[in-house]
Amino acid sequence: MAGDVFDFMKLWTQDDQESERLIQKILLNGLDKVVQAQSDVLSKIKVGSPVAVPVVRWLEEWGYPSRITARLTGTDMTFSGHLFGKAINTESVRKVVRAGTILERPTDGVQAKVTSVDGLTAVVQGYGNTVLSDDAAPVSWDIISEVWSDYRDAADPRSLDRIFREVGTQIHAETFEIPKTRKNTKYEIVRDEVRHQTEALLEKLRRQLAYAVLRSRPYHDGSSFVYGTRTEEPTMCGICTWPTITQAELPNPDVFVNKAGDPLTKTDVDALARSLWLDENADYGTGDWWIVCHPLTHQYIQDFDISHRRIERSDTGIGFHVETFEAKIGKSFPILADRYMRPDVLMLVNLDKFSYGYFAKDRLERKQIPTQGRYQRWLISFQTYGVVARNPRANIGMIYGLPTY
């Protein structure tokens, strides 16, 4: 059986004791290797432990920001924008800024030391031999450091709030039947009818799982996503859906970019990598980072900087194949083209932070359906959950609305 991944699928058409033993030992544990064999993205996503709940929940928290939006007028600094995924308020400001905090305006290097904070306004003074100047509009200020001494008492202690994220499940099912006459008949083209039918069904199940992991959207009741037993619709959340969820919480058009049908450019991908790093604190030094796209989108990447390439006379091949994108921020990202991806989407994603799995004792189930004729029929099904996304804001960015031709 080890020589052909499809050989053990013949067990679907058997009903003796030995076949049942092999089904439990080989078929149930072998599904992942088979369904992942031809999906590049799916093969790189971790398969988590089985769960026994219809809704998978996990805790997540927003980290302390490295920047804050403010407008300086004289010595008064007024804060605005968002912190910790919500509109800024007095409590969230206290977690980030207090007396002694030093802020720097990155556009000109001016530094301001906070002397007091009152609600959404702080009184500041120039610091480090820099002269304060007014802002024409709210701008981003980098949070540099705080002034401490051995004798300073701790005041305004800080803590992070946590939120729940969740995903649901999806059932994948197919029926399979074959007449006894056809099962035992040899054809000129199809020598083994059982093998032929199971290979076709396996391809459909694999494609169904790949689409679910990449593109599934949870059921939406018109106001919010619905997970678990509150609906009989699929509630699984695919990787491509996670940016939509996080951007609904706090929009950032620099990491959720709408091209509105315009072709992809090298500048677009560079800007996405930079913005995800600066705005969402993506850590490119750890994890398993990839640029994921459809082969149709990959064709645009193949032409990046084409005018700067050359072909030697000794070359016997025509064309270029681009496997890695060298971003201007000094990071290299391998490119993964998968035919199951949405054609209008390119994602920069840390696949190490995403996983899917199976419902407890529901990895792959074969149930024979009684019939009155000379044929055999089975219901073949399994249930998956996911996709679990750890800190999705910092681990996935998307360009969408790309041309699909």
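Out of the residues in the range 304-338 that are at pLDDT 80 or above, farther than 19 Å from Tyr400 by Cα and over 22 Å from the mean Cα position of the chain (by Cα), state the one that is surrounded by the most Cβ atoms within 10 Å (Cβ to Cβ).
Val322
Scan the range 257-277 for residues that are surrounded by 16 or more Cβ atoms within 10 Å (Cβ to Cβ) and either more than 23 Å from Gln299 (Cβ to Cβ) or among the β-branched types (Val, Ile, Thr) (or both) and jot them down.
Val257, Val269, Arg274, Ser275, Leu276, Trp277
If you check Asp338 against the conditions, is it touching a Lys or Arg at 6+ places or on another chain (Cβ under 8 Å) and in contact (Cβ under 8 Å) with a residue 12 or more places away in the chain?
no
Can you tell which of Ser43, Ser49 is part of a loop (DSSP other than H, G, I, E, B), closer than 30 Å to Leu214 by Cβ and either in contact (Cβ under 8 Å) with a residue 12 or more places away in the chain or of a type outside the set (Val, Ile, Thr) (or both)?
Only one candidate passes the filter, namely Ser49.
Taking the range 363-400 on its own, how many of its residues are exposed (fewer than 15 other Cβ atoms within 10 Å of the Cβ) and not basic (Lys, Arg)?
So the answer is 8.
Among the numbered conditions (1) within 29 Å of the chain's Cα centre (by Cα); (2) more than 27 Å from Gln247 (Cα to Cα), tell me where Ser140 comes up short.
(2)
Condition (residue is in the same structural domain as Ser43 (by TED's automatic domain parsing) and touching a strand residue (DSSP E or B) at 6+ places or on another chain (Cβ under 7 Å)) applied to the range 301-319: is it met by at least one residue?
Yes; the residues of the range 301-319 include at least one that is in the same structural domain as Ser43 (by TED's automatic domain parsing) and touching a strand residue (DSSP E or B) at 6+ places or on another chain (Cβ under 7 Å).
When the residues of the range 73-98 are narrowed to those that are small (Gly, Ala, Ser) and free of Cβ contacts under 8 Å to residues at least 24 places away in the same chain, which ends up nearest to Ser145 (Cα to Cα)?
Ser92
Looking only at the range 253-281, count how many residues are over 28 Å from Gln170 (Cβ atoms) and more than 16 Å from the chain's Cα centre (by Cα).
So the answer is 19.
The values are calculated or read from the model by the stated rules, or taken from the named source; none is laboratory data. Bear in mind that the values here come from a model prediction, so they are computed numbers and not experimental data. Using ideal geometry, Cβ is built from the backbone for each residue, glycine included, and neighbour counts are taken over all protein chains shown.
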